[in-house]
Amino acid sequence: MSVKTRVLVVGLGLIGASFAKAIKQAGVAYVLGYDRDPAVPGLAIDTQVIDEAVADLSSVTSVDVVVMAVPVMAIAGVVEQIRHLVADLTVLTDVGSVKGEVVRSVAGVLGDLPACFVPGHPIAGGEKSGVLAAEADLFKHHMHILTPLDNSSPAAVELLTGLWTACGAEVVAMTVQRHDEVLAATSHLPHLLAFSLVDTLARESENREIFKYAAGGFRDFSRIAASDPTMWHDIFLTNRDATLSILRRFQSDLSLLEQAIEHADGDLLRTVFTRAKSARDYFTEILESRQK
Ligand SMILES: NC(=O)c1ccc[n+]([C@@H]2O[C@H](COP(=O)([O-])OP(=O)(O)OC[C@H]3O[C@@H](n4cnc5c(N)ncnc54)[C@H](O)[C@@H]3O)[C@@H](O)[C@H]2O)c1
C-alpha cells in the first residue's frame, strides 16, 4: 500500500480549500487543514475538503508539505507558527499573488531560505472567498506558476509539480521578479481599474440608480471589483514598484485617448481600438485552445 503525501493547508479560503479538495479527490494526499477562524476547519471536514482538522498549528508534528494559502501580508505570521516543521518538510509553498514579498517574509522569519521552499501562484480564482466557495476543479486547465529559488531542491519542485498537476493545472516556472511584473500587468492593474471605476460610479448614493441601466459591458468589466478588499490591499502594498510602473504607463496611454476625444481625433481612436481588438481576439484564441 502506498503511503499518501501528508499535506497541511494553512488558510482554508477559496484557494486553500479548492486545492485541498482537489488533491483529496484525486487521491494523491492526506490533507490536514488549519484556519485562523476556528469555525472553518469543521466546515471543511463537513464539505469533504480535508481529511483532518487542525485546531492548533503547534500540535502538528509530521507533514511532508505545507501550503500557505493566506493573504500575502499574513504569510510571515504563518511561517512563525509552522517554523518547528520546516527542517523536516519536503515542500514549503504558498499561493500568494505577489512572490517577492512572500520570499522576503519567509527569509525575514527563518533567517534564510530553506531548500524545501518553492513559492507558487495559481492563475485561477475568482471574486468569491471562503471555504464554502471551494471547487475541486478550480485549477483545471489553468496555469500554476512556480518561482523556484536558486537553492530550491529539485525534489521539492517535483513533488509540488505532481500535486498541482493532480489538480488539473499546467505547471510553469519563472523568476520571482518576472512573476511580479507579469501579474502587475495582467491581474493587478485590471483589478485596480475595476475597483476605481465602480467606486467612481457608485460614490454618490443616488448614483447607484445608474446600475439599473448597466448592461453587459459594465457587468464584464466590473465583475472583479467584487473581489476581497483585504487580499487586494495586501497585493498593492506588497507589489508597489511593478504596479506603479504599469499604472503610470496606462495613465499616459489613457491621456492620449482623452486628448483624442477632446480634439476629435478619430484616426487615433480607430487605431487604438483596432489594435486592442486584434490583441483581444488573439487572447480569446489562447483561452479557447486551453479549454481543449
Ligand atoms: N482569490 C483569488 O482569485 C486568488 C487567486 C490566486 C491566488 N490568490 C491568493 O491566495 C491567497 C488566499 O486567497 P483566497 O482568495 O483563498 O482568500 P480567502 O479570503 O477566500 O481565504 C483566506 C483564508 O485564510 C484565512 N486566514 C487569514 N489569515 C490567516 C492566518 N494568519 N492564519 C490562518 N488562516 C488565515 C482566512 O480565515 C480565510 O479562511 C492570497 O494570498 C491570494 O493572494 C487568490
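FYI, it's all coordinate maths here, none of it is from the lab. Predicted model only: the values in this text are computed from it and were never measured. Cβ placement follows ideal geometry from the backbone for every residue including glycine, while neighbour counts extend to all protein chains displayed.
For Leu160, neighbours were defined as the other residues whose beta-carbon sits under 13 Å from its Cβ, and their charges (Lys and Arg +1, Asp and Glu -1) total -3.
Shape verdict for the range 5-174, please, from the Cα gyration tensor: rounded (a/c under 1.5), prolate (a/b greater than b/c) or oblate. Judged from the Cα gyration tensor, the range 5-174 comes out rounded (a/c under 1.5).
Shape of the range 179-291 from its Cα gyration tensor (a ≥ b ≥ c, root eigenvalues): rounded if a/c is under 1.5, otherwise prolate when a/b > b/c, or oblate? The shape class here is rounded. In this simple spin-label model, placing a label point 7 Å from the Cα along the Cα-to-Cβ direction at both Arg270 and Phe218 gives a separation of 3.0 nm.
Compute the relative contact order of the chain as a whole-number percentage, counting only Cα pairs closer than 8 Å that sit 6 or more residues apart in sequence. It rounds to 16 percent for the chain. Pairs of Cα atoms nearer than 8 Å and 6+ residues apart set the relative contact order; for the range 11-152 it is 28 percent.
A simple packing score, the average count of other Cβ atoms within 10 Å per residue, orders the peptides 251-262, 217-228 as 217-228, 251-262, with the highest score first. Judged by the ratio a/c of the largest to the smallest principal axis of the C-alpha gyration tensor, the chain counts as prolate, that ratio being 1.5 or greater while a/b is larger than b/c. If I take R0 = 51 Å and measure r between the Cβ atoms of Glu288 and Asn151 in this structure, what FRET efficiency does the formula 1/(1 + (r/R0)^6) give, to the nearest 0.05? Approximately 0.85, to the nearest 0.05.
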